[in-house]
Amino acid sequence: MFHKMKMQTMLFMLFIVLSIVPLLIFGISSTTFYSHQLLHVLENELSIAASTQIDSIDNFLNERDIEVSIIGEFDVVHDLLNLSNQENVQIHSSDRSNLDNILKVRVDKNEYIESITLTDAQFRIVACSQWVPAGEVSILKNLDSKYHTPELQFTEVFEENQHGNTEKVLLATKQIVVDGNLLGYIVEEINLNFFEKVRLSANLLHDGTIYLIDGKGQLITAGTGASSRQNFVLPKDKNHAFTNAWNARDKFASSGILDYKIQGEHYITYYSGFEHAAWNMLATISVEQNLHTQKQYSVLLISLLFIVLLMLLAVNYIISARIVKPLDRMIHKFKLITETKDYSIRMELADHVELGTVSAEINTLLEQIEHNIDEEKNKQRYLRDKAEKDPLTGLLNKSAIEDAMRKELTYAQANGNKIIYLFIDLDDFKNFNSNYGHAGGDKTLCFLADTLRWQCQGISGRIGGDEFAVCIINPAEVEAIETLVRNITVSLRLGVPLGIYGQRIPLYCCIGGVISNGSSTYEELMKIADDAMYQVKENGKNGHLILDSDAVSITTP
């Protein structure tokens, strides 16, 4: 009996050694591998979610740069700044009032802009969307000189008293430089509502925390997707684990993941800087909170391994087929998205309920990111058209038409093709404004623009006022330039409906042109075309004159 019991004990111990221990090791190793894989998934999802917020902020900063640059190009801005700088006077002229109104309209159109201010080179306020006394000195004078540059700069956050309330704001500043001379500065005062809105739209797992900090470590916005914070969770002097991880990061990397523990709890933080400002975004989640469900299943798995030994192969198959492999596919998809930046890629929906839900949620996030990217592309396309198109006629503006004509000339000369430049100037345009008002004048300019758009297959643009330019690159139109010019003048003579009962008023113009078939420079060709147009003016207007690149007349008015 004793030997039987001893044998049973030995067999039991052998059974434990040969079955339970390997199963326990297998369960622990499988759980560890699962946790490691899921940690990678959390890191990738945190990076993608935070990148959406970072892209939104970068796009907002880029929009500010475009808007400020547009204001800095206004002629009335240059005139007022020159007056203030040269004569050292501050006056409330009609131009100042008009410019104040223009700035106020731009502020009213953007809920995140508190004010726009123009100062001269001595920081005296020349125009502002809000009323200020003439000659008042801008706060910009007292800021660090690093904000006095031709590139748009964003300041740190500071508090300002507005309507009896203390609110946090920051400034966007940029120099206005013309022909190498500093005329003054543009200063935008930006409230923090946009950054708060971006933070609230964040979709981090288990209420992850986002911090947007300026160059001095001050909070621009902070909190979870549901609530805001006024301070860091832990003071900087007590958050040693994060500080050590932050100091040990790759200083040359613009973004990355920090991995650290605070009082035994595991955290990961995604950090990233910005293209246009010395700011940083920190997105932090607790690994334990996100792995809580996985830990429950791990304990259950290990318990079942002890109890149900005969289901070892089945459990191994389930873990491999329904957990590890789907996670591998998810990680592969994340890597593919990261490498290609193609957010149209979708996760495969796993049969397993939890992973299937995670896959569906990730696909929803990717759809939102893809939608945001499409919206941003459309917005950038709109801003590009706004910057290149003349707002009245819809043709290219002066800068855009000149760039286009230069490019076409380079291409034509490289391929031995002919190219024609035409300058069109309406005769007696002032009479239209006098007789029919500025609305009638605008309608006349639009009629001329539509005529050029319909008659010419080339590139058309408005140089300024009633002067237009056309670049003819179509071979058929180049050969039939005489016919093309006559068609333009005939269409204009049919008239624009301005008179009583829709009576058409005929238009007459001076057209000067040049045909380039050699190596003349853009400036030389422009001068020939311009001279040709003025010859027509001097010879009584209402005609055209086309010269070749050697200034030999081939067509007379």
Practice task
Give me the accessible area per residue for segment 96-170, probe 1.4 Å, as a whole number in Å².
Solution key: 53 Å²
Handout entry: Per residue convex hull volume, Cα atoms of segment 118-183, in Å³
Key = 99 Å³
Practice task
Beyond 27 Å between alpha-carbons counts as too far, so tell me which of Lys430/Lys527; Lys197/Lys335; Lys407/Lys537; Lys443/Lys527; Lys109/Lys216; Lys174/Lys341 fall in that bin.
Solution key: Lys197/Lys335; Lys407/Lys537; Lys443/Lys527; Lys109/Lys216; Lys174/Lys341
Completion exercise
Scalar couplings 3J(HN,Hα) for segment 438-444 by Karplus 6.51 cos²θ - 1.76 cosθ + 1.60 (θ = phi - 60°), nearest whole Hz, x for Gly and Pro, are 5, 5, x, x, 5, 5, 5
Problem - Probe 1.4 Å - accessible area at Ser201, Å² to nearest ten - result: 70 Å²
Practice task
Identify the chymotrypsin sites (Phe, Trp or Tyr not before Pro) of segment 49-131 meeting these criteria: DSSP loop state and at most 13 other C-beta atoms within 10 Å of the C-beta.
Solution key: Trp131
Problem - 3J(HN,Hα) from dihedral phi, segment 398-408, Karplus parametrisation 6.51/-1.76/1.60, rounded to Hz, x for glycine, proline - result: 4, 5, 5, 5, 5, 4, 5, 5, 5, 5, 5
Handout entry: segment 173-221: translational diffusion in µm²/s, Stokes-Einstein, Kirkwood Rh over Cα pairs, 37 °C, 0.692 mPa s
Key = 236 µm²/s
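Find how much the distance from Val177 to Glu73 grows on full extension, using 0.36 nm per residue of separation minus their present alpha carbon separation; answer in nm with one decimal.
Additional length available on full extension: 36.5 nm.
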Practice task
Please list, in chain and number order, the residues 5+ apart from Ser115 or on another chain whose amide H is under 5 Å from its amide H, with Hs placed from the backbone.
Solution key: Glu189
Problem - FRET efficiency, Asp144 to Val490 (Cβ-Cβ, R0 56 Å, nearest 0.05) - result: 0.35
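The values are calculated or read from the model by the stated rules, or taken from the named source; none is laboratory data. A quick note: this is a predicted structure, and the numbers were derived from the prediction, not measured. Backbone-built Cβ (ideal geometry, glycine too); neighbour counts: all protein chains shown. Calculation scope for accessible area: heavy atoms of the full protein, side chains included, ligands and nucleic acids excluded. Shrake-Rupley method; radii C 1.70, N 1.55, O 1.52, S 1.80 Å.
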